[in-house]
1. May I ask you to list pairs of residues, at least six apart or on different chains, whose Cβ atoms are under 8 Å apart, with the first in region 47-58 being without any contact (Cβ under 8 Å) to a residue 12 or more places away in the chain and the second being of a type in the set (S, T, N, Q)?
2. I want to confirm something. Restricting to region 155-204 and keeping residues that are charged (D, E, K, R) and touching a helix residue (DSSP H, G or I) at 6+ places or on another chain (Cβ under 6 Å), which single residue is nearest to residue 40 (Cα to Cα)?
3. Quick check on region 170-184. Is at least one of its residues among the basic types (Lys, Arg), more than 25 Å from residue 91 (Cα to Cα) and touching a Ser or Thr at 6+ places or on another chain (Cβ under 9 Å)?
4. Exactly one of (1) without any contact (Cβ under 8 Å) to a residue 24 or more places away in the chain; (2) touching a helix residue (DSSP H, G or I) at 6+ places or on another chain (Cβ under 7 Å) is unmet by residue 93. Its number?
5. Which residues, taken from region 5-44, are surrounded by fewer than 20 Cβ atoms within 10 Å (Cβ to Cβ), in contact with a helix residue (DSSP H, G or I) (Cβ under 7 Å, 6 or more places away or on another chain) and over 24 Å from residue 83 (Cβ atoms)?
6. Please note which helices (runs of 4 or more DSSP H) are completely contained in region 151-201 and include at least 2 residues that are over 21 Å from residue 59 (Cβ atoms), in contact with a Lys or Arg (Cβ under 9 Å, 6 or more places away or on another chain) and without any contact (Cβ under 8 Å) to a residue 60 or more places away in the chain.
7. Return yes when residue 68 is surrounded by fewer than 24 Cβ atoms within 10 Å (Cβ to Cβ), more than 18 Å from the chain's Cα centre (by Cα) and more than 24 Å from residue 185 (Cβ to Cβ) and no when it is not.
8. Listed residues 158, 202; which is surrounded by 15 or more Cβ atoms within 10 Å (Cβ to Cβ) and of a type in the set (D, E, K, R)?
Amino acid sequence: MLSEQSLNGMGLPDKTICLTFDDGPGESPSNGPGPKSVELAEYLNGQGISGTFFIVGQHAAKHPHLVPAIARLGHLIGNHTYTHPNLVEWLNSGGDIVSELALTDPLIQDHLPNNTVYFRAPYGLWTPQLSKLLNEVSNIRDNYAGPYSWDINAEDWRYWSEGLDETQCAAHYLQEISHIKRGIVLMHDSTADNCQIKTKNRTFETIKLLIPELKTLGYNFVRLDEL
């Protein structure tokens with residue numbers, strides 16, 4: 001069942017964080033900038049860390065091999081709608097909210113723990129009206145958990161938009177995590193709705209700088225379904 005209010009991770013102990021990645025999956029044809037969802041998943045797996053990847057359905061449909069590859073590496077797969085709309089505006093304009101969730105489900109259903117669909121609303125925008133509407137659908141009411149928001153967000157996408165590099169981005173995330181000390185971290189392994197930002201994505205490179213620093217500081221990592 002979907003909650004009326006977005007859920008967070010502030011109940012976690014100090015120095016415990018949950019890494020989440022939105023807007024993928026994606027892949028790039030070269031070693032340069034661009035989304036690298038599987039490489040990111042492989043790196044985290046090698047570090048003994050399980051992340052959560054909130055999947056945009058239309059990207060999963062375009063790259064059907066990526067979601068199984070990410071899941072096989074021990075990461076949690078979640079639903080991030082099919083086209084990544086602002087659900088509040090979409091509801092107010094008469095859009096089909098249920099289909100935004102339902103169209104993504106078949107693309108991830110083989111990779112869900114205990115048949116539970118972990119959900120995050122695009123942009124974190126959520127209202128009790130959305131909860132009420134969606135919980136009237138039996139599959140959503142019975143099988144969904146969320147929506148999950150975040151506690152730490154250094155806006156990795158903004159770094160790519162402004163042409164900044166992974167060193168600056170990693171330093172900002174380290175600063176934010178060290179300040180808040182716990183909770184759900186928001187990052188983006190791809191970009192749902194801006195191709196120019198998508199081609200400049202360096203979240204994989206950022207994570208490779210960030211994880212060793214966090215381990216040195218004694219941080220622990222949990223998967224979203226461990227909250």
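1. From residues that are without any contact (Cβ under 8 Å) to a residue 12 or more places away in the chain, there are no pairs.
2. 189
3. There is at least one residue in region 170-184 that is among the basic types (Lys, Arg), more than 25 Å from residue 91 (Cα to Cα) and touching a Ser or Thr at 6+ places or on another chain (Cβ under 9 Å).
4. (2)
5. Residues satisfying the conditions are 39, 43.
6. Of the helices (runs of 4 or more DSSP H) lying wholly inside region 151-201, those with at least 2 residues that are over 21 Å from residue 59 (Cβ atoms), in contact with a Lys or Arg (Cβ under 9 Å, 6 or more places away or on another chain) and without any contact (Cβ under 8 Å) to a residue 60 or more places away in the chain span 166-180.
7. Answer is no for this residue.
8. Sole residue among the options that is surrounded by 15 or more Cβ atoms within 10 Å (Cβ to Cβ) and of a type in the set (D, E, K, R): 202.
Laboratory data are not the source of any read-out in this text; all were calculated from the coordinates shown. As the structure is a prediction and not an experimental result, all values here were calculated from the model. Cβ sites come from the backbone with ideal geometry, for glycine too, and all protein chains shown count toward neighbours.
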